[in-house]
Number of protein chains: 2
Amino acid sequence: MDRSPQSPGMLTDRYELTMLDSWVRDGHVHHRATFEAFARRLPQGRRYGMLGGLGRLLPMIADFGFDDVEVSWLREQGVIGEQTAAYLRDLRFTGDVDAYREGDLYFPGSPVLTVSGTLGECVLLETLVLSVLNHDSAIASAAARMTTAAGDRPLVEMGSRRTHEQAAVAVARAAYVAGFASTSNLAAGHLHGVPTVGTAAHAFTLAHATEEAAFVSQVAAQGTGTTLLVDTYDIEEGIRTAVRVAGPELGAIRIDSGDLAEESARARALLDSLGNTRTRIIVTSDLDEFVISALADAPIDGYGVGTRVATGSGHPTASMVYKLVAVADRPGADAPLRPVAKKSAAKASVGGRKLARRRHEDGVLVGEHYDVLDHDAAVELAPDDVQVAVVRGGRVLHDPSLDEARATARRALASLPPAARSVAAGEAHLEVGATARDLPDPSSTPVPASEGAPA
Amino acid sequence: MDRSPQSPGMLTDRYELTMLDSWVRDGHVHHRATFEAFARRLPQGRRYGMLGGLGRLLPMIADFGFDDVEVSWLREQGVIGEQTAAYLRDLRFTGDVDAYREGDLYFPGSPVLTVSGTLGECVLLETLVLSVLNHDSAIASAAARMTTAAGDRPLVEMGSRRTHEQAAVAVARAAYVAGFASTSNLAAGHLHGVPTVGTAAHAFTLAHATEEAAFVSQVAAQGTGTTLLVDTYDIEEGIRTAVRVAGPELGAIRIDSGDLAEESARARALLDSLGNTRTRIIVTSDLDEFVISALADAPIDGYGVGTRVATGSGHPTASMVYKLVAVADRPGADAPLRPVAKKSAAKASVGGRKLARRRHEDGVLVGEHYDVLDHDAAVELAPDDVQVAVVRGGRVLHDPSLDEARATARRALASLPPAARSVAAGEAHLEVGATARDLPDPSSTPVPASEGAPA
């Protein structure tokens, strides 16, 4: 059985344990440190990212650790020595985490997650933090574009079969956060409370002697308000049969093939001519934000999206990184933290802990920057700050419902100027950097690319 | 905690339960049926697919079902009626499965998985079968291309942070099947026995006062045979420091940025001039099969591949479908099965159960077709048949080790003509269809596209 018996600690790259092993031996393991997760850039053509996965990640951070069997295995494999084994047996994350809200937007450089604690407990979180945020944010970011393209028409997430069976549950959850109305995935309904929908596949029709017999069976079980799939044989004949079987109260028909603009127009005319003016038309079949945009004028009442939402619509990962930005040079709570940064040209990072700030004009998001904090200052986050204190002393303080995350996403998308909500390829709406007063050389201060004049 | 408490049955699209509910009411649930998984086409430019995930899937099929809490939830949600709830409480898969071996190749139309049983037990497997095969086959197919491009140089899978935390474990497993030497993912080591490797990240160097102090600590913990990451500040300086600290026995250096052809050549010259002729050079940083091919002449001893293997190198899903191909019109073991197929132009399927056949010339795979079987004939698979009897009466009969799956993959890749192993974009090496004698109209017989003259 593949019910993931391993602890969250095992969902980790070996090099984190190898580094830990050195640090246990040389004492660095107890030095205070701060790590940050951020994206250096957005996927090509994307104007914003949407943060997903925070609500899945935080309980796993609180539960982070290894059981005895796992520690023994790591020891036997030579990954760690005995001293590190002892350290891992007792390990619990006891540090602090600040984060952007799930459903909020992020841009290149936004410090979406800040982890503070000892070097040992912080370094081990790298893979888990990035796996969850990169996957779920890729899905949420793609789903947000589809939500925007669909306008008032509801979207159903139905991509489970196109991705790993557990990733599928997270896909349904992230798409719902980003504005999808429902999912086909039952586990997402059971575990996360995402509304589930679904009626029938082509196999249902094929299994009956005739299409009519299939529709009769489905209506008998589910009532006339159900959705009948009409394209197994011939769409026009299928619609006539559906109306004959279900009558004027037929809830919806689904079309899963052909030219959807053309087929939906033909279906609407036929349904209306048969008196079924209230029967809705749902379309599925390789939809994404671009196809949905192109179908805006077609008489369609809802979309089912599969492959493209489950695979991030061309960008299956959000490419966030998790970087050490400050560390103490001796153990102890009173040791000062020293900002650190990697220097290589393509992968440079900015040292020091960051406090994000946003600027709105007439309700429109026109700028985001961060202040690099004096590392020893206590961070007191205000309720309207971009970052939220989500974990303190290892305890999760922030546990919004999925509907609250949906509201965050809705507000965030509404704060973008119309051009930044476009699904057409474009530059990131903002670039996020430090303010001038935090940098020694004002000429190196990044300015939001489109601040004041959003592209 | 996100330890996937749900049963495999819940990793399912709601419409399967909705269909089941109708079939429980109208009696179809007990009719015999056969479903097949296959890919209508390969991702654009791909010449073959490699089957992944079978070893993960079969135990979940054997364990398929729902617990009482889940059945009650489905009932409360109105997904199913009481009669179906009773059916689900007792549900176990009792049917048969035939499949291609994990690690074997497939082409458009190859019947990679055949499920036979009652309509009820077979229809419920759709989502789970496709999630596992589509995800793991996408990874294996991409990884096989990287394996081919790398030749004798070992590949490390290190993409865990770029994908869902549980998908990451399956990625490591599938890449190993396809020929990768090892993974960074500890859970894949613990659960599946994939060899794990890993030494240090940039954070390790940054956390120490100097690069030298970091290397001293790492060598003290892991010995001189370790791999030192030399590009945190300046690569040349990093290499000199690494050699000074570890001496002539330094196992390897890793370069994670810059022009890897240039940097590796410079690093090789410098290492040799310092007397470290046996110190290996490992490179990482946005590698894929194309970059690896381009680096064939660079003095590189091994590759670490992350994002691109974990996301299928541009094709994160294998687009397999699971289709009803035969069904009985009454219940009972003696009822004859009727072949069925969907007629729509773009999504047509071929009815009837299929037996795959391959043709080799001088050890080269030059053709694959299937015979559509007389549906009532017992299928006796021979040991050298393409398909294997993997489940009989709900019991898993086929449980090869990962090393056996690797051997299958190695043999399969070796059976391709050189052009079909190329990573350059091209047509599928073969198209798989029925033989003439199985089709009423010989003019509709698909012929392998490149049979006898592989592109």
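The values are calculated or read from the model by the stated rules, or taken from the named source; none is laboratory data. Remember, predicted model here, so these are calculated numbers, not experimental data. Heads up, the Cβs are rebuilt from the backbone with ideal geometry, glycines too, and the neighbour counts pull from every protein chain shown. Only protein heavy atoms, including side chains, enter the accessible area calculation; ligands, DNA and RNA are left aside. Shrake-Rupley method; radii C 1.70, N 1.55, O 1.52, S 1.80 Å.
Before anything else, pin down the relative contact order of the stretch B:217-305: Cα pairs under 8 Å, at least 6 apart, normalised by residue count, whole percent. Over the stretch B:217-305, the number comes to 26 percent.
Give the percent of DSSP beta bridges with both residues in the stretch A:153-311 that are antiparallel, rounded to the nearest 5. Don't jump to the answer; show the numbers that get you there.
Details: 0 of 15 bridges.
Around 0 percent of the beta bridges assigned by DSSP in the stretch A:153-311 are antiparallel ones.
So, counting K/R as plus one and D/E as minus one, what does the shell of residues with Cβ under 12 Å around A:Cys122 add up to?
On the way: positive: A:Arg32, A:Lys323; negative: A:Glu16, A:Glu36, A:Asp96, A:Glu121, A:Glu126.
My count for the surroundings of A:Cys122 gives -3.
What you get for chain A, charging only the Cβ of Lys and Arg (+1) and of Asp and Glu (-1), is a dipole of about 460 debye around the Cα centre. Look at the dipole of chain B built from charges on Cβ: of B:Pro8, B:Gly367, B:Val169, the Cα furthest out on the positive end belongs to B:Gly367. Taking every lysine pair in the protein assembly as shown that is 8 or more places apart or spans two chains, those with Cα atoms closer than 27 Å amount to 12.
Most simply put, chain A has about 70% antiparallel DSSP beta bridges, counting only bridges with both residues inside it.
Leaving ligands and nucleic acids aside, the A/B contact buries around 8500 square angstrom of accessible area in total at a 1.4 Å probe radius. Each of A:Val325, A:Val390, B:Ala220 was placed along the dipole of the protein assembly as shown (beta-carbon charges, centred on the mean Cα), and the one lying farthest toward the positive end is A:Val325. Sorted from nearest, the other copies put their B:Val396 label points 3.0 nm away, the label point being 7 Å from Cα in the direction of Cβ. Using the average count of surrounding beta-carbon atoms within 10 Å as a protection proxy, the listed peptides B:189-195, B:306-312 rank, highest first, as B:306-312, B:189-195.
About the centre of its Cα atoms, the protein assembly as shown shows a dipole size close to 460 debye [charges on the beta carbon of Lys, Arg (+1) and Asp, Glu (-1) only; nearest 20 debye]. Cβ under 10 Å from B:Val327's Cβ, B:Val327 left aside: what net charge do those residues give with Lys, Arg +1 and Asp, Glu -1? Local charge sum for B:Val327: +1.
Across the identical copies, the 7 Å label point of A:Pro248, projected outward along Cα→Cβ, sits 9.6 nm from its counterparts, in ascending order.
Would you work out if the stretch B:105-177 is rounded, prolate or oblate? Take a ≥ b ≥ c from the square roots of the eigenvalues of the alpha-carbon gyration tensor; rounded if a/c is under 1.5, else prolate when a/b is larger than b/c, oblate otherwise. Working shown, then result.
Numbers: a/c = 3.79, a/b = 1.75, b/c = 2.17.
Oblate.
Inter-copy label distances at B:Gly223, shortest first and taken from points set 7 Å along Cα to Cβ: 7.0 nm. About its Cα centre, the dipole of the stretch A:139-277 is roughly 520 debye, where the only charges are +1 on Lys and Arg Cβ and -1 on Asp and Glu Cβ.
Once you list every other residue whose beta carbon is under 15 Å from the beta carbon of B:Asp152, what net charge do they have if Lys and Arg are +1 and Asp and Glu are -1? Kindly include the intermediate steps, with their values, before the conclusion.
Details: positive: B:Arg153, B:Arg280, B:Arg410, B:Arg421; negative: B:Asp297, B:Asp301.
Charge balance in the 15 Å sphere: +2.
For the peptide A:131-138, the mean number of other protein chain Cβ atoms found within 10 angstrom of a residue's Cβ is 5.
Please list log₁₀ I(q)/I(0) at q = 0.07, 0.08, 0.10 Å⁻¹ for the protein assembly as shown, using the Debye equation with identical point scatterers on the alpha-carbon positions. The computed values of log10 I(q)/I(0) come out as -0.57, -0.75, -1.15. For the protein assembly as shown, adding -39500 (n - 2.57) for each run of n ≥ 4 DSSP H residues and dividing by the number of residues yields -10000 deg cm²/dmol at 222 nm.
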